[in-house]
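Enquirer: Got a structure for you, questions after.
The values are calculated or read from the model by the stated rules, or taken from the named source; none is laboratory data. Quick caveat: nothing in here was measured; it's all calculated off a predicted structure. Virtual Cβ from ideal backbone geometry, glycine too; neighbours counted across all protein chains shown. Ligands, DNA and RNA are excluded from the accessible area calculation, which covers all protein heavy atoms including side chains. Shrake-Rupley method; radii C 1.70, N 1.55, O 1.52, S 1.80 Å.
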Amino acid sequence: MGQFFEGCKSLTSIDLSKLNTAEVTNMESTFNSCQNLKSIDLSVLNTAKIENMIWMFYECYNLKSVDLSNLDLSKVNSMEKMFCRCSNLESIILENVLTSSVQNTVDMFLECDKLTSIDLTDFDLSRVYTMQNMFSGCDVLETINFGTKYTASPTILQETFRECDKLVSIDLSHWDFKNVNNMVLMFYNCDNLE
């Protein structure tokens, strides 16, 4: 399903209930640049074999909420730019999502300008090696909850929280930093971070 709906700029909603995705492995750019897409129900999809979700919702400017709860994403290895520039995204639900194979979250939420909080308690970051720009430019993001269920041990944290202007505090005490080799501008312009 790579690039399946890419560039469908007039789509406001999509009914995926009739799609059989049991053998689908690739959802790269599936909804890329669906600029007027406002809502989508992913709960009807069989996601057990999907390995690639890069650029999946890239520049879905009008997407307001996404619910990934209870999805089996255990084979997905990359979520690079998955929600990048979803400038009206206000809510993302990740409760009980399975993400044990994810290694790349580069630019995942970059410039999600309306996102004020995100709960990653159930998001397994234990195999992620690069989080470069993961939350960069989320300028109204106030809270990020990583929880303590999983221990993140990234290698690259360059610009991860760059220009998160509203972020006041963040708890990374459960992370393992021994393999980190790049933290350049990790908290650049986080003006309110205490």
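Enquirer: In the range 129-142, which residue that is in contact with a strand residue (DSSP E or B) (Cβ under 9 Å, 6 or more places away or on another chain) and under 22 Å from Leu98 (Cα atoms) is surrounded by the fewest Cβ atoms within 10 Å (Cβ to Cβ)?
Expert: The qualifying residue surrounded by the fewest Cβ atoms within 10 Å (Cβ to Cβ) is Tyr129.
Enquirer: Identify, from the list Cys60, Cys34, Cys86, the residue that is within 11 Å of the chain's Cα centre (by Cα) and without any contact (Cβ under 8 Å) to a residue 60 or more places away in the chain.
Expert: It is Cys86.
Enquirer: Can you tell me which of Lys178, Lys166 is of a type in the set (Lys, Arg), modelled with pLDDT of 95 or more, touching a Leu at 6+ places or on another chain (Cβ under 7 Å) and open to solvent by 50 Å² or more (accessible area, probe 1.4 Å)?
Expert: After ruling out the rest, the residue left standing is Lys166.
Enquirer: Next question, about the same structure. Go through (1) modelled with pLDDT of 95 or more; (2) surrounded by 15 or more Cβ atoms within 10 Å (Cβ to Cβ) and name the single condition Phe4 misses.
Expert: Going through (1) modelled with pLDDT of 95 or more; (2) surrounded by 15 or more Cβ atoms within 10 Å (Cβ to Cβ) one by one, Phe4 breaks only (1).
Enquirer: Can you name every residue in the range 25-41 that is of a type outside the set (Ser, Thr, Tyr), open to solvent by 20 Å² or more (accessible area, probe 1.4 Å) and either in contact with a strand residue (DSSP E or B) (Cβ under 7 Å, 6 or more places away or on another chain) or farther than 16 Å from Lys64 by Cα (or both)?
Expert: Going through the range 25-41, the residues of a type outside the set (Ser, Thr, Tyr) turn out to be 26-28, 31-32, 34-38, 40-41.
Of the ones still in play, those that are also open to solvent by 20 Å² or more (accessible area, probe 1.4 Å) are 26, 28, 35-36, 38, 40-41.
Correct list: Asn26, Glu28, Lys38, Ile40.
Enquirer: Something else about it: Across the range 1-19, which residue is nearest to the chain's Cα centre (by Cα) among those that are closer than 10 Å to Cys34 by Cβ and of a type in the set (D, E, K, R)?
Expert: That would be Glu6.
Enquirer: Next up: When you look at Gly137, is it small (Gly, Ala, Ser), modelled with pLDDT of 95 or more, assigned to a loop (DSSP other than H, G, I, E, B) and touching an Asp or Glu at 6+ places or on another chain (Cβ under 9 Å), yes or no? Talk me through it step by step, then tell me what you get.
Expert: On the way: small (Gly, Ala, Ser): yes; modelled with pLDDT of 95 or more: yes; assigned to a loop (DSSP other than H, G, I, E, B): yes; touching an Asp or Glu at 6+ places or on another chain (Cβ under 9 Å): yes.
When the stated conditions are applied, Gly137 passes them.
Enquirer: Return the residues of the range 98-117 that are under 17 Å from Lys149 (Cα atoms) and either surrounded by 21 or more Cβ atoms within 10 Å (Cβ to Cβ) or among the acidic types (Asp, Glu) (or both); say none if nothing qualifies.
Expert: Thr99, Val102
Enquirer: Return the residues of the range 45-71 that are open to solvent by 50 Å² or more (accessible area, probe 1.4 Å) and of a type in the set (D, E, K, R); say none if nothing qualifies.
Expert: The answer is Lys49, Glu51, Lys64, Asp67.
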